[in-house]
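The values are calculated or read from the model by the stated rules, or taken from the named source; none is laboratory data. Predicted model only: the values in this text are computed from it and were never measured. Because the Cβ atoms are built from the backbone with ideal geometry, glycine has one as well, and the counts that use them run over all protein chains shown. In case anyone asks, the SASA skips ligands and DNA or RNA and just uses the protein heavy atoms, side chains included. Shrake-Rupley method; radii C 1.70, N 1.55, O 1.52, S 1.80 Å.
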Amino acid sequence: MSAATTTKLRQIVVEAIFRRKRLFLFLVLSIMAAVLAFTFLIPRQYKSEAKLIVQNVREAAPLSATAPVHQTTRNEVSESEINSEADLLQSPMIAHMAVGAPTGGVQTHHAQQEINRLSHHLKVDPVHQTSLINLSYTAQTPDQANRELQRVIDSYFEARAGHSMGTGAADFFNGQLEKAKRQLDADQQALTDYGLKHDISELDDEKKLQLARVSSLQDQIAQIDSQLAMQRTRRAQQAEQLQNTPARSRGLERSITNQYSQERLNTSLVDLENRRAELVRRYAPSDRQILELDDKIANTKLAISDAASKPAAETATEVNPVYQQLSSAVAMSEGEVSGSQAQRAVLQHQFDQAQNRLDELERATTDVNALKRNLDQARTDYALYAQRKADAHISAELDKMKIFDVSLVQPPYSTGEPVRPRPLLYAVTGLVFAFLFATLVVVYLDTSSGYFYTPGQLDNLTGTRTLATLADAHTAPHAEEINALEYRRLLYGIHKAMQQRRLDPHGSSILPMVDTPHGEWPRGVIAQEAYVIAVTSSVRGEGVSYITEHLAHEAARQFGSQVAVVDMREMLRRFEADGNLRFGFALQEPGNYWVLANENDRNSSWREIGSRGNFAARLCPWIDRAREEMDLILLDCPSNVESTLGSEVEPCVDGYVAVVSAGYTRKASVDQLTATLSDRRVPVLGYLLNRRTYPVPRWLHRLI
């Protein structure tokens, strides 16, 4: 199925306006007339304007028992402060005061009307990113607007003066100040009594001093411990050295050599060596005598060595001085250790006393801090109430002088020019609204009327693209040129659909429509077998016969061959009269196409095609014989509501073309026709929109 044409929104809107231009103009003119009547009938309104500025001229001290805060005057005003003043100006209390009504109780009907009127005409607008507040009031005269606005401003300042901190606040804070003074004295006395009882003058200073004393004693004890350890170590080393040192030491030592013994031993050695030399000459070296001499010689040499290495010595001893010094040092170390131990004991006693005092001060810290907190709170309260008392006196004096944070910088002023009505603004607004409203109305009526006006609307309903669109010959300019092109597009679409049908005989019941360049029928293309196309519609009067004749004329001109138009109503009527299908074709000279004729219409161009029997049973053989004579056969079938003849010719035709008249055929009728033809074996080649009107001028239609 080919894609449906999408109609642009601007085309729908413009065509709806031009199609229903009378209704559109009526709605626009009616609305503009109502706007003009409203503009000239409403009473004139004048506006009076004034300006207030919010400044930090005075700081309002809060009536609370919080700690006093140093207040400084701020140059900038917060947005919340400006909004608060604007809300106060629009409050019901100001309206009551401005109209002179009591602020409490039930208001009278007249007073309530005055309050509502004032609230309605009063406008309060804070200026963005500034400290200004614009006031405006509308009334029927400039003087009345100025007076009413001035009453509102006076009521506002009166309300500010009446609801600020008054003189009664000073008396209140004076009483609180006396109570705070008595509490301060009581807390001061309690702290003094506690210090006398526990011998504490200044807890923090005493804790610091005691902590410093404890630290100093700890350092001294640590120093004594290290000194005592050093002394004990030195004493132990000296005792050990004393134990290892002899009490006496050697004095004079004299050594004497063994010269006599050495001389005798040397003489004996020479004798032994001589004897051995003699024996060696006579005996072998391993002889017993030689071996004995060798032993004697060795012993003699050993004796000579001992005599040389161990001379005779003479030694004299005396008292050891080192031993005496060590004995004195050990005795001195014993005295030092005893003194250091005594000193450490004294320091330890002092440390214990200092630590006990520090612990006592730590235990008293909680009580002293509590007493100090009470004293500090009493002092804070006393200073707070003293400050609040002074602020109350200052505020009362400022209220008497009407000095507030809000001041009037521009008194009520009116230009004398009415602010309502505004003819130009009302006219432009009314014209825009009129155009929008009228456009919505005509578009709604055009889209919800149940009729077709454009190919896009028909495409949306059928789901397939319209084959051709024929312009209404009575209203559309250049209708003949437009329709000639559309007829060619229709013929080309039929030809393409039938070609695809032959290539795909089992295709869908709705064949796709293929666009052709410029919508022209390809010249010289003649079907090998004549196409039989049934042209029908959903209701009577949609121009099926007219379209069939003109389509045959265009096909004959394009083919240059045989094209026949068969009026199925006439054929059925003649069959019912004669009981046979012996009909022929006669050439229609102006159109150069063939139409149904009988024997009475015989002429030189007569072609007879006959078949006898039942109409429905004999129609297909008759059409088959007609295919042999013609190249294209168009069956002019009655509408779907007139007769079922369009459905009965299904076995004999190759496809259907449904005609829909723009602005004449309802959507329900097209739905019924689509449902009827979709159940047939023969496909619907497409839809043709007839009598299309173009209410939009041609130049504008090109633009949209």
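Here is a yes/no grid of residues against (1) farther than 16 Å from Q410 by Cα; (2) surrounded by fewer than 19 Cβ atoms within 10 Å (Cβ to Cβ); (3) in contact with a Gly (Cβ under 8 Å, 6 or more places away or on another chain); (4) among the polar types (S, T, N, Q):
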{"residue": "L88", "(1), (2), (3), (4)": "yes, yes, no, no"}
{"residue": "S91", "(1), (2), (3), (4)": "yes, yes, no, yes"}
{"residue": "H120", "(1), (2), (3), (4)": "yes, yes, no, no"}
{"residue": "N134", "(1), (2), (3), (4)": "no, yes, no, yes"}
* Pull up the range 633-652, narrow it to residues that are of a type in the set (A, V, I, L, M, F, W, C) and out of contact with any Phe, Trp or Tyr (no Cβ under 9 Å at 6 or more places or on another chain), then point me to the one that is modelled with the highest pLDDT. => L635
* Structure fact -> Subset of the range 185-240, residues over 19 Å from V346 (Cα atoms), among the polar types (S, T, N, Q) and surrounded by 17 or more Cβ atoms within 10 Å (Cβ to Cβ), comes to Q238
* Is it fair to say V409 is over 16 Å from G663 (Cβ atoms), in contact with a Phe, Trp or Tyr (Cβ under 7 Å, 6 or more places away or on another chain) and not in a helix (DSSP H, G or I)? -> no
* Could you count how many residues in the range 94-151 are hydrophobic (A, V, I, L, M, F, W, C), at pLDDT below 85 and not in a helix (DSSP H, G or I)? -> 2
* Structure fact -> Counted residues in the range 123-142 being within 29 Å of P43 (Cα to Cα) and touching a residue at least 40 places away in the same chain (Cβ under 8 Å) come to 11
* Structure fact -> Going through (1) open to solvent by 50 Å² or more (accessible area, probe 1.4 Å); (2) on the phi > 0 side of the Ramachandran plot one by one, D376 fails only at (2)
* Does the range 673-692 include one or more residues that are under 51 Å from the mean Cα position of the chain (by Cα) and part of a loop (DSSP other than H, G, I, E, B)? -> no
* To do: Out of the residues in the range 619-645 that are open to solvent by less than 10 Å² (accessible area, probe 1.4 Å) and part of a helix (DSSP H, G or I), state the one that is nearest to H553 (Cα to Cα).
  => A626
* **Any pair with Cβ under 7 angstrom, 6 or more apart, that starts in the range 21-41 at a residue that is in contact (Cβ under 8 Å) with a residue 60 or more places away in the chain and ends at one that is exposed (fewer than 12 other Cβ atoms within 10 Å of the Cβ)** => T39/P423
* Asked: Is one or more of the residues making up the range 204-223 under 60 Å from the mean Cα position of the chain (by Cα), modelled with pLDDT under 80, over 30 Å from D306 (Cα atoms) and not polar (S, T, N, Q)?
  -> yes
* To do: Using the structure shown, decide if T469 is touching a residue at least 60 places away in the same chain (Cβ under 8 Å), at negative phi and either open to solvent by 50 Å² or more (accessible area, probe 1.4 Å) or outside any helix (DSSP H, G or I) (or both).
  => yes
* Return the total of residues in the range 646-679 being farther than 28 Å from W594 by Cα, of a type in the set (A, V, I, L, M) and surrounded by fewer than 24 Cβ atoms within 10 Å (Cβ to Cβ). => 4
